[in-house]
Structures are given as C-alpha cells and as structure tokens.
1. Tally the residues that are more than 15 Å from Lys6 (Cα to Cα), touching a residue at least 40 places away in the same chain (Cβ under 8 Å) and surrounded by fewer than 19 Cβ atoms within 10 Å (Cβ to Cβ), restricting the search to the range 86-99.
2. When residues of the range 33-62 are filtered for being loosely packed, with under 12 Cβ neighbours inside 10 Å and touching a strand residue (DSSP E or B) at 6+ places or on another chain (Cβ under 8 Å), how many remain?
3. Only residues that are more than 21 Å from Gly60 (Cα to Cα) and touching a Gly at 6+ places or on another chain (Cβ under 6 Å): list them for the range 21-35, please.
4. Scan the helices (runs of 4 or more DSSP H) fully inside the chain and keep the ones with 3 or more residues being within 14 Å of the ligand (Cβ to nearest atom).
5. Arg9 - would you say it is modelled with pLDDT of 95 or more and surrounded by fewer than 17 Cβ atoms within 10 Å (Cβ to Cβ)?
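The values are calculated or read from the model by the stated rules, or taken from the named source; none is laboratory data. Please read all numbers here as calculations on a predicted model, not as lab measurements. Positions of Cβ are backbone-derived with ideal geometry, glycine not excepted, and every protein chain shown enters the neighbour counts.
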Amino acid sequence: MTIFHKIIRREIPADIVFEDDHVIAFRDIAPQAPVHVLFVPKQDFATLNDVPAESPEIVGRLAVAAARYAREQGFAEDGYRIVMNCNSDGGQTVFQIHLHLLAGAPLGRFGTP
Ligand code: AMP
C-alpha cells in the first residue's frame, strides 16, 4: 500500500480538493509551482505501464478532472501543465499512478532546470 492509498482511505491527512467515485485530488506536500495538485485514481495501478490497453479510461478521468479543476479555479485560460512520471527514469517515487497539475505562474520550457 502506498501513501496515496492511505490518503484515499483517510488514514493520513491531505488537503483534498476534489473527489468522486473514481478519482481523488489533493495538494502536493512539496509544491513545485504555486498550484500543484495530484490527481489519483481510486483503482490500483502502480505505474502507467500497468493500465490495461483495454481500459484506458482512468487516464482520461484524471486529465478531465484536472482540466475541470483548472476551469473552476480560474486558471484554465492562463494555462497549466499536467505530468505523469513513470518508473525510475521518469522520476516516479510513489507507485500508485497520479497526474501532477502545475499552474499559477509561467512554468518555463519543459525539461529545463
Ligand atoms: P512522483 O515523483 O511523480 O511519484 O510524485 C510523487 C509526489 O507525491 C511528489 O511530488 C511528492 O511531493 C508527493 N507527495 C508525497 N507524499 C505526499 C503526501 N503525503 N501528500 C501529498 N503529496 C505527497
């Protein structure tokens, strides 16, 4: 079980900003931008590699929930970045898939320090 499963089960606290039957979203504990929210499925998938080709809809649910949050919070037009890290070269540290939503300031070119 990962720390994100414990957040889903309310075993540890988090600043939850959205939840439905499939997805939970909460603020990242170490934000990399003025807005940094993680969108996490309630179904278990350790990495993006573990999402079956025949059921890709969870990835869409994460992205659509992030876009809706951006609209509701009023920064959709200014823009934002979504990122999903996979395994060691991708920098994944928590092995329950999650989509990072980063916003609130110009983020610079992707991949630059
Ligand atoms: P990744 O490196 O893509 O696996 O992202 C994991 C993210 O989870 C990092 O940005 C961490 O700052 C964040 N994180 C770790 N523990 C917590 C927590 N308890 N609450 C909120 N965010 C967390």
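1. If we filter the range 86-99 for residues that are more than 15 Å from Lys6 (Cα to Cα), which is where we start, we get 86-93, 99.
From the residues that got through so far, the ones that are touching a residue at least 40 places away in the same chain (Cβ under 8 Å) too are 87, 92, 99.
From the residues that got through so far, the ones that are surrounded by fewer than 19 Cβ atoms within 10 Å (Cβ to Cβ) too are 87, 92.
Of the residues in that region, 2 qualify.
2. The total comes to 1.
3. Ala33, Pro34 - these are the residues of the range 21-35 that are more than 21 Å from Gly60 (Cα to Cα) and touching a Gly at 6+ places or on another chain (Cβ under 6 Å).
4. 3-8, 87-90
5. Numbers: modelled with pLDDT of 95 or more: yes; surrounded by fewer than 17 Cβ atoms within 10 Å (Cβ to Cβ): yes.
In short, yes.
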